[in-house]
Amino acid sequence: MWSSHPGRAIGIGAGVGAGIGAAAAVGRPEGSGTDRSCTRRPGGSARGATGREPGIGGSSRVLRGWAMAVIAVVPLDLGALGWACQESLSTSPQIPLNSVVYLRDTPWVESGKDATQGLRIAVLGPLEATVYGVPVDLGPRKQRAVLGVLAALAPAAVTVERLVEEIWGDAGPANPLRSLQVYVSSLRSALGEYGDRLVTEGRAYRLAADGVEVDAVRFSRLVRSASAEPDPERAAAQVDEALALWRGEPWQDLADLPLAGPLTVALQAERLAAAAVRARALLALGRHRELVPWLEPLVEQHPLNEELRGHLMLALHRSDRQADALAVFAAGREIKADETGLDPGEDLQRLQAAILADDEALRVEDVELRARRHLPAPVTSLVGREEEIAAVTALLREPDNRLVTVTGPGGIGKTRLGIAVAHGLAADHPDGVWFVPLDALHDPRLVADAIAGVLDVEVAGTDLAVALAAHLRDQRLMLVLDNFEQVEDAATVVSDLLAAAPGLRVLVTSRVRLRLYGERVVPLSPLAPSDAVPLFVERARAVDHRFEAPEATVAELCDQLDRIPLAIELVAARADEVPLDVLRKQLAARQALDLATDGPRDRTSRQRTLRDAIAWSVALLSDELRPRFARLGVFDGGFTAEAAAAVADVTAADLTALVRASLVINVGDGRYRMLETLREYAVELLGDERDEVADRHAEWYREFVTSTDGRLKMHAWVRLLEPERANLRAAVARLAETAASDSPPGERLLVLAGTFGRFLYHVGPGSEDVEWLPRALALAPDADPHLRGRTSYALAICRGEQGLTDEAIEHCRRAYDLLTEADDLPWAARALNSLAGILHDAGRLEEAAPLMDESIAMRRELGGLSLAIPLSNRARNAFQLGDPATARACLDEVRTIAADDPHEMSNAELLLADISLLEGDVDAAENWLRSAIDTMLELDHQAYRLMEALETCAALAVHRGQPALAATLLAAIDRAYAAEGSVLVPADLALREARTGAAVDALPAEARRVAEERGAALELETAVRLARNGLLSQP
């Protein structure tokens, strides 16, 4: 295999098997594989017509058919190295170009032990023996040969006959046993305390393995270990150690022994395999430049070895020598064609093509570039942040931006982003990118010392700042100063270094900016939803590989955690012990801090729990600001500066400080907010002050709502209240909690609840918030009638939108009675109008008409009340009763008195479109409808009006002969109603049936299904624009 870059592999032998041992275990036969361009020989060598054999620095002997009983042939699995990557450019099978021969596995001294201990026998060169590192005189040649044969066949017993055959052949002595006894005795004496390792067993001898090391066995084990080693650095070290054992040709002084030939061939083949392992390791390490001169003579000696040739080509290519790499391929192709008549293997051809295309997958960073990175190595992948990394990188590459500060709350991912940016900028800084952790410091005076320590700047008799400046003055270098917030007073150290060293760039991560001249600040926001979900899933699968969850569910969990990476990681890490539905419930109950605990032990204490991460930031606040921060926790969904001052005693300067500390977010338009996890922590800090602050919050919002009610037009008032919806809900809940202390009970609650209910009618009458209204009425049975009447009125109109007609009518009648009793006639008129509207929606059109007329008359008599809404209601009623004249009269008055109100004008135009359709004037209907829709699309809080407009569009589609479009629009309306928690009222259902029912029912079943499925997938505004573009031609 030719190593590319981490995570990718290109070339021969990609990802097959699990190492040499695995190959042996499955019993792969000699020469198995797919390299048809080489002829397999015993021992696994590859040779062509010239008879060249594998070896390093010398030729090997050709096998001559000797017995191979003591040799195990194991094909080298060139894909076994994890660092050679998992993914291949192709899916071609492994092509083991060489098989490696090993001596039979023997329990010798373990590899890596000190060779000076015990008995060491060396055969990788002339036969040598040492005891505790001291050379042993092995005597005459035949005596040496006895030890050599016993070492080669150990620990098996070798018969006298076999020894005679190996040592003397056919010319043995008259008494070979006696000669062998003399030799063995002499060897025992020479080996001293290890002489007893030469054991006699009948007419046989053997070498016992205990305390004995044979360098050939050690070599084999080192190569095997290197082949299976996932770390290329360690693999390179092991294979270098193995190759260093060679002192020349194996069995150099005993080459004429019959056994020496096959053993030499086996060892030379294995040595060649070791060379391939080394090449792959160095390629993976980016040490391709040093590999080239080492590989070139090997390829010349073994021209048909395509693996080594491929490694050389890749090393040359990575050394920016593309032409030389292609020349190596061409030479190999010519030699192979001459000697075998074959073309190069497919993998080598693919490599050539990739080099020609300068395929990015072939590239790997030079070791010199890697050496520039003095950064911590993350143990998990970085998910997301691509845009932020690119933005910060681009800033730092601009000549004028030498100081960039990434800010954000704890756990947002500043450190990981800083490391990623620095990693990518190593090429821009020849003197390196250096990470300086400051989280353990509390004294700003120690920052310069920390920087000097990382840079290894020694100070001897001079000022530290001066020494640092002198060291950095002529360097192009980047510092990553991590967690600067607690030593922010050391900011001048940074500015002084920047002034002294023009080639210096500084990337700071901090929860506060440094406030230095030239500083560029990049606030880091929570993860995008598209990144938060994959992060949760990846971390959850780290603890439970079976983890599966709907994407929407995980997205909801991430939103509840503010999409803060640390919070996501900590909660996801509990996926194996807490069911997903329990996680959701606990997060909904604002228990994120309790869930985001038990982080990895090797993290700093502040990163093991989310609570500790937040506490780290809060602890840096002044004693005066800390309780004010805590009080802000009472706000739900954000707040204005005015509310913060009134409720939490927080000044504008305090808000600025908290924004700087990344504890509060300035969202614009005069509003601020806290991340939910920060807010949860702030509430914890309130302690005994919590009730008092909650009371102040509730009272302020009660006054805020009542003081603005009636002073603005309805839609402007709704826009003002909408950002405060969560705060209003919290205030109602607190007033309900303390209702018994009011006099009479619940009176303050009703003041807010009734107004809150009318607001909900406009923004979400089907929401759960509406349920606060009946609770409030139950908690205030003796409150002032006009307060109970207004709250009953708000409940009535919401119930009407929910389709609970009987309940709505009951509450509306009660509201009218209570308001009349309290002489609150303006609100009684409103209640009467709403009662008529509810009756109308219920399909009781005739019953509703006189009540509408009575409500209009009351308003005219009282004066000061808007007539536009009741007149529009009466127009709709008249239209559905088949009385277009009355409807037009009402609408003419609306258009006169509300000419400057786009909401009422667009509603009137929509009704005029309905009337025109009723009268058969399709062109007029189209004009009115176009004008109404164009206006509504520009306004807020028009969901229900847009649904009504779509109903009219559906009717127009039927008139135009497009029933399928009508079916699509009606399905989109039904989806929108469901999303709002509402239903189509009976009157409108009847109108729909009358205008579109027959045409839609006449559609073929399949056509109707397709049309309705299309509509059910459309958002409301998308459906409106579809109708606008598909039905309403330009005027």
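What follows is calculated from the coordinates using simple rules that are stated; it is not laboratory data. Being a predicted model, the structure only gives us computed values, none of them experimental. Here the Cβ is made from the backbone with ideal geometry for all residues, glycine too, and neighbour counts use every protein chain on show.
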Alpha carbon centroid spacing (whole Å) that separates segment 447-489 from segment 783-822: 73 Å
Integer Hz, Karplus 6.51/-1.76/1.60 couplings in order for segment 1013-1025, x for Gly and Pro: 5, 5, x, 5, 9, 9, 5, 4, 5, 4, 5, 4, 5
Which of Tyr132, Tyr793 has the fewest Cβ neighbours within 10 Å, and the rest in rising order: Tyr132, Tyr793
Interchain or long-range residues, amide H under 5 Å from Val522's placed H: Thr405, Val406, Thr407
Fully extended contour minus Cα-Cα distance, from Ala998 to Ala353, at 0.36 nm per residue: 225.5 nm
Estimated distance in nm for a label pair at Arg895 and Asp923, the labels positioned 7 Å out from Cα along Cα-to-Cβ: 1.7 nm
C-alpha center-to-center spacing [segment 850-867, segment 648-710] in angstrom: 42 Å
Karplus 3J(HN,Hα) series, Hz, for segment 169-184 with 6.51 cos²θ - 1.76 cosθ + 1.60 (x for Gly, Pro): x, 7, 10, x, x, 5, 10, x, 4, 4, 4, 5, 4, 5, 4, 5
Neighbour cut-off at most 12 other Cβ (10 Å), DSSP loop, chymotrypsin sites (Phe, Trp or Tyr not before Pro), segment 512-566: Tyr517
Debye intensity ratio in log₁₀ form over the Cα atoms of segment 119-208, taken at each q of 0.23 Å⁻¹: -1.22
Computed Kirkwood radius, in angstrom, where 1/r is averaged over Cα pairs of segment 372-523: 15.4 Å
Segment 518-564: GluC sites (Glu not before Pro) in DSSP loop, at most 11 other beta carbons within 10 Å: Glu548
Inter-site label distance for Ala740 and Leu989 at 7 Å from Cα along Cβ, in nm: 4.4 nm
Taking Ile451, Ile568 and counting other C-beta atoms within 10 Å, the order from fewest to most: Ile451, Ile568
Other-chain or far-sequence residues with amide H under 5 Å of Arg505's (modelled H): Leu477, Met478, Leu479
Among 927-933, 174-180, the order from most to least packed when residues are scored by Cβ within 10 Å on average: 927-933, 174-180
Gain on full stretching of the segment that runs from Thr380 to Arg476 - 0.36 nm per residue minus C-alpha separation: 31.6 nm
Karplus (6.51, -1.76, 1.60) ³J(HN,Hα), θ = phi - 60°, over segment 847-856, in Hz, Gly and Pro reported as x: 5, 6, 4, x, 5, 5, 4, 5, 5, 5
Residue order, fewest to most surrounding Cβ atoms within 10 angstrom, among Arg711, Arg876, Arg563: Arg711, Arg563, Arg876
Within segment 912-1018, GluC sites (Glu not before Pro) in DSSP loop having at most 15 other beta-carbon neighbours inside 10 Å: Glu919, Glu938
